[in-house]
1. Among the residues of region 430-448, which ones are closer than 23 Å to GLU486 by Cα and in contact with a Gly (Cβ under 7 Å, 6 or more places away or on another chain)?
2. Scanning for something of a type in the set (A, V, I, L, M, F, W, C) and either assigned to a strand (DSSP E or B) or not assigned by TED's automatic domain parsing to the domain that holds ALA365 (or both), does region 246-266 turn up at least one residue?
3. Got a sec? Which of THR370, THR314 is of a type outside the set (Asp, Glu), surrounded by fewer than 21 Cβ atoms within 10 Å (Cβ to Cβ), closer than 15 Å to HIS482 by Cβ and assigned by TED's automatic domain parsing to the domain that holds GLN464?
4. When only residues in region 267-280 that are assigned to a loop (DSSP other than H, G, I, E, B) and crowded, with 17+ Cβ neighbours inside 10 Å count, which is nearest to the chain's Cα centre (by Cα)?
5. Considering only residues that are surrounded by 14 or more Cβ atoms within 10 Å (Cβ to Cβ) and closer than 13 Å to ALA58 by Cβ, which ones fall in region 69-86?
6. I need a count of the residues in region 223-244 that are part of a helix (DSSP H, G or I) and either free of Cβ contacts under 8 Å to residues at least 12 places away in the same chain or not small (Gly, Ala, Ser) (or both).
7. Which numbered condition trips up ASN124, out of (1) in a loop (DSSP other than H, G, I, E, B); (2) touching a Ser or Thr at 6+ places or on another chain (Cβ under 8 Å); (3) over 22 Å from HIS186 (Cβ atoms)?
8. Starting from residues that are under 21 Å from the mean Cα position of the chain (by Cα) and of a type in the set (A, V, I, L, M), keep the ones in region 303-321 and report whichever is farthest from GLY515 (Cα to Cα).
Amino acid sequence: MFRTKERVWGGMDREKMDKMEIAAKTGDPLTSPAEGLVFGVWDDGRMAQDFRKRLDAALQGEVSRILDNGEFKGTPNDVLFLPTMGKLSARYLVLAGLGSREKTSPELIRKVSGTVARAARSRNLSSLASTLVSNDGAEPEHVSEAIVEGTLLALYRFDHYKSTDKDKKEKNRKAGAVSKDFASLHLFSSREAEKKVRKGIEWARAILRGTYLARDLGNHPANIATPSMIAQTASVECQKRGIRFVSYDREKLEEMGLGALVGVAKGSMEPARLIQMEYRPSKAANAKPVLLVGKTLTFDSGGISLKPAEKMETMKGDMSGGAAVLGTMMAIADLGIPLWVVGLMPATENMPSGTANKPGDVLRAFNGKTIEVINTDAEGRLILADALSWGVKTFDPALVIDLATLTGAVTVALGAHAIGVLGNDQKRMSEVLEIGESVGEKGWQLPLFEEYFEQIKSPIADIQNVGGRGAGTITAAAFLSHFVDEKPWVHLDIAGTAWVESDEPYKPKGNVGIGIRLLTHYLGKLSEDKDLRKPEKRESRKK
């Protein structure tokens, strides 16, 4: 196995994140010893509470001079670092633009906090204190979570394969430039809000653990993050949390009748896996589980229907749906969410070889449906078909949610800013869309009319795996609908949102770790859903 810097799975970044001090504070923020003290400024020059007046008193009117002269306009994501010259305990006063008061939201706070964190890191600061929880009308729990997430997601780094880091650090040391790790983040609020702030911090930490791991898995090259190694990682994380874990190998998959998954896997030398995780707390609110299924293509070359060479290296991230399922299972267990949840990750590569699927081949899925393979690059829906139908048959779930970097068509339709949402249960889709909007992982619903099902009819099999050029995201979902046995089902196509090509406020270039925040909050809401608490009908169970 290839190793670098004596680690494979990116534990250093996650370990530093876990060790970082994140605390709720209720004292006077102007006495904070943090190196950077953050205050929000709206585009009308106003600041929360009496902060502007107090800062002017401490800094001889410098803040008002800057704001009144238009040197800082409070535009969203604008950041200004002012040296305090010893007049405050903090080294820098940090002004963070919030834009319009009416449009301030947790997602804006997340982005602003990310921008501040990136600027702080460029100045080699090791600590920040934020007063953004104190903004008028802010919901302390949601805002505190957004501050922590924005800060730490922005600070995430993936440099595991840079062999020059050690030499660079030694050179900096000799020059007297010592790079410091980010050590602390303090959130100032009123005493009345302190409990909610602590809860927001707790949720953020749990979501961040899962997101950091998901980003690591998606950023590692495919020769490291193989199906076997992802299964190994999932096993370790499940064992830490008491989550039941099973990994099925190819021989077992063939025995189980997962012909579509095996069909995709047979072109690769890397053994396929079906990873099963079951979180069932003693006080679970639901009589039947929620089933999460995530596409886990550790590398997608397109198979015999080979992809173009340009950007093919990003296809190591085609396992982002599976990574989101793993990260979500970690988060809900860490938070103790009282909900029975099963996670499935069908993991394989899609490679061309003498044993690979060919266009025109017919595969038999777990539920008995036959599939004509028109294009081997539409393999994600094949492995999901088996995972969905096997999961539905095995666990009889109350709700099914799948995530997949499934279609390029969703990027054409929605760009990089929205998840494609489809399914067969409007109530559940609407709930997912609402949660996504509130946590900054927005979605947009696409139709699933009966006419689209005509496009995936095959002349020689039950269905075919592509439906022509038009409505590619929709026909992919129409295909998957054949494998959920009419269970309530929501499909999330994350192909456009799973990867960014350049740095964004809290998204460094590379894998985003999309979906974990959305799913964790949604499952938290579902744990309070009375419909899921209905007692199970024993007679149907006996069948």
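The values are calculated or read from the model by the stated rules, or taken from the named source; none is laboratory data. Bear in mind the structure is a predicted one, so any value in this text is a computation, not a measurement. Cβ placement follows ideal geometry from the backbone for every residue including glycine, while neighbour counts extend to all protein chains displayed.
1. VAL432, LEU433, GLY443, TRP444, LEU446
2. Initially, region 246-266 is screened for residues of a type in the set (A, V, I, L, M, F, W, C), giving 246, 253, 256, 258, 260-262, 264-265.
Next, from what is left, pick out any that are either assigned to a strand (DSSP E or B) or not assigned by TED's automatic domain parsing to the domain that holds ALA365 (or both): 246.
Yes: one or more hits.
3. Working: THR314 fails: closer than 15 Å to HIS482 by Cβ.
Exactly one of THR370, THR314 is of a type outside the set (Asp, Glu), surrounded by fewer than 21 Cβ atoms within 10 Å (Cβ to Cβ), closer than 15 Å to HIS482 by Cβ and assigned by TED's automatic domain parsing to the domain that holds GLN464, namely THR370.
4. Step one: list which residues in region 267-280 are assigned to a loop (DSSP other than H, G, I, E, B), which gives 267-272, 280.
Next, from what is left, pick out any that are crowded, with 17+ Cβ neighbours inside 10 Å: 267-268, 270-272.
On the way: GLY267: 29, SER268: 27, GLU270: 26, PRO271: 26, ALA272: 23 Å.
Taking the candidates together, the pick is ALA272.
5. Selection gives LEU82, THR84.
6. The first filter runs over region 223-244 and keeps only residues part of a helix (DSSP H, G or I), leaving 227-241.
So of that shortlist, the ones also either free of Cβ contacts under 8 Å to residues at least 12 places away in the same chain or not small (Gly, Ala, Ser) (or both) come out as 227, 229-230, 232-233, 236-241.
The number of residues fulfilling the criteria is 11.
7. Going through the list (1) in a loop (DSSP other than H, G, I, E, B); (2) touching a Ser or Thr at 6+ places or on another chain (Cβ under 8 Å); (3) over 22 Å from HIS186 (Cβ atoms), ASN124 breaks only (3).
8. Among those that are under 21 Å from the mean Cα position of the chain (by Cα) and of a type in the set (A, V, I, L, M), it is MET315.
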